[in-house]
1. Determine, yes or no, whether ALA66 is in a loop (DSSP other than H, G, I, E, B), of a type outside the set (Val, Ile, Thr) and modelled with pLDDT of 95 or more.
2. Within segment 305-327, can you find the residues that are among the aromatic types (Phe, Trp, Tyr), loosely packed, with under 15 Cβ neighbours inside 10 Å and touching a residue at least 60 places away in the same chain (Cβ under 8 Å)?
3. Starting from segment 154-170, take each residue that is assigned by TED's automatic domain parsing to the domain that holds HIS224 and under 15 Å from PHE230 (Cα atoms) and list its partners that are assigned to a loop (DSSP other than H, G, I, E, B) and of a type in the set (Phe, Trp, Tyr), counting only C-beta distances under 8 angstrom and pairs at least six apart or across chains.
4. Would you say THR273 is assigned to a loop (DSSP other than H, G, I, E, B) and hydroxyl-bearing (Ser, Thr, Tyr)?
5. (1) buried (at least 22 other Cβ atoms within 10 Å of the Cβ); (2) closer than 18 Å to ALA132 by Cβ; (3) among the aliphatic types (A, V, I, L, M): which one isn't true of LEU195, the others all being true?
6. Could you go through segment 242-250 and let me know if any residue there is over 16 Å from the mean Cα position of the chain (by Cα) and surrounded by fewer than 20 Cβ atoms within 10 Å (Cβ to Cβ).
7. Check ALA233, ALA227, ALA274 and return the single one that is more than 27 Å from LEU73 (Cβ to Cβ) and in contact with a Cys (Cβ under 8 Å, 6 or more places away or on another chain).
Amino acid sequence: MGSEPTILSVAALLWLAGFLILGRIRAQGPPPLRPPRPVRQASKTSSSPQAGEPAVSIIIPARNEAHNLPALLLSISAQSIAPLEILVVDDASADRTAEVAVKLGASVVASQPLPEGWRGKTWACHQGAAAARGDILLFVDADTWFEKGGLEHVLASYRAGALSLGPYHATRKPYEQLSAFFNLIMAAATVPHGLFGQMLMVDRESYRCVGGHEAVRGRVLENHYLAGKFREAGIPVNSRVGRGAIGFRMYPNGLSELIEGWAKGFASGAGRTAKPRLLLIVAWLTGLMLPLGWLPSSALAWLVYLLFAVQLLILFRQVGSFRWYAALLYPVPLAFFVALFAWSFIRPGRQVTWKGRSFHAG
């Protein structure tokens, strides 16, 4: 085992790697692009968009989302521009999902029975895309919402191909701080040429070219596999963190939901991350751990620890409203991340249950 000064010097060097991650994911404001053209709201008397207007269909896969839909649908209605249509695909919900969607102005697509080999979300997205009339498809999860001017930001950011923004994680309870490393590493592994699972904007032709969600029908992390399909087809893929444009609150119903949610396939997602980026992340995480063994007695170890804590405060705030104590007490969320990551990787059969359905987390 190396000496304390040597190991802490290595930790300080690895601390610098965190700024490479920061540079990659730093939240950006609206880009200095052309203003988006006005998008016409569909009416009962018209069935096609006017010439020259981008026709955007928002598609929301929803299974038992009556409690989440109001925030999303009201945020869309509050935007300065309107989509051509809003389609909520009701995936065999047992609650008032369809009723809430209609009441708040969306059209409901009743899902057909789930075919063999499909996952619920990919089947819902596939049906939504088939029903949509727009030339541009915007898939968003039901537990997201657009910030003021957020939809305009998304449209101004879009050029061609596939665009994805990672929603900013709104945290409200102490246990939600345990998601900090998951959100951060998800963003670091995705930006700038991957896809986040919560939001995808793509033109219909690019979507058709790669086979749409049918091409990834059995995948838990369909976003990772879709990104690969787009890249293989030479279709541009761009992503960024969505602070100021789109937000969400992950797993608000307690620690068990948080564990179950992150266990769906986080380890599998790591396996889809580009190797140089994965090595950078692993090296930086190793640096976070190095000073911990000397903390009780070493002033140098405390200095390195505090450097990491300050860095983490900056990094965490790029991806969510994480509290200062999540950074200051970072060994706690870090240990949780490492333990859950390991468990999701090695658990027998890697079977998980989500929203009443069991599937293989791959």
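1. Details: in a loop (DSSP other than H, G, I, E, B): yes; of a type outside the set (Val, Ile, Thr): yes; modelled with pLDDT of 95 or more: yes.
Criteria met by ALA66.
2. Initially, segment 305-327 is screened for residues among the aromatic types (Phe, Trp, Tyr), giving 305, 308, 316, 322, 324-325.
Now drop any that are not loosely packed, with under 15 Cβ neighbours inside 10 Å, which leaves 324-325.
Once the filter is applied, which keeps residues that are among the aromatic types (Phe, Trp, Tyr), loosely packed, with under 15 Cβ neighbours inside 10 Å and touching a residue at least 60 places away in the same chain (Cβ under 8 Å), segment 305-327 yields only TYR325.
3. From segment 154-170, the pairs are SER164/PHE196.
4. On the way: assigned to a loop (DSSP other than H, G, I, E, B): yes; hydroxyl-bearing (Ser, Thr, Tyr): yes.
Here the answer is yes, as THR273 does meet what is asked.
5. (2)
6. First pass over segment 242-250, keeping only residues over 16 Å from the mean Cα position of the chain (by Cα): none.
Taking every residue of segment 242-250 in turn, none turns out to be over 16 Å from the mean Cα position of the chain (by Cα) and surrounded by fewer than 20 Cβ atoms within 10 Å (Cβ to Cβ).
7. Values: ALA227 fails: in contact with a Cys (Cβ under 8 Å, 6 or more places away or on another chain); ALA274 fails: in contact with a Cys (Cβ under 8 Å, 6 or more places away or on another chain).
Sole residue among the options that is more than 27 Å from LEU73 (Cβ to Cβ) and in contact with a Cys (Cβ under 8 Å, 6 or more places away or on another chain): ALA233.
So that you can scan it fast, the table gives a plain yes or no per residue for (1) charged (D, E, K, R); (2) in a helix (DSSP H, G or I); (3) modelled with pLDDT of 95 or more:
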site: ALA283; (1), (2), (3): no, yes, no
site: LEU292; (1), (2), (3): no, yes, no
site: SER297; (1), (2), (3): no, no, no
site: LEU300; (1), (2), (3): no, yes, no
site: VAL304; (1), (2), (3): no, yes, no
site: ALA309; (1), (2), (3): no, yes, yes
site: LEU312; (1), (2), (3): no, yes, yes
site: PHE316; (1), (2), (3): no, yes, yes
site: PHE322; (1), (2), (3): no, no, yes
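The values are calculated or read from the model by the stated rules, or taken from the named source; none is laboratory data. All of these numbers come straight from a predicted model, not from anything done at the bench. Glycine also receives a Cβ, built like all others from the backbone with ideal geometry; neighbour counts cover every protein chain displayed.
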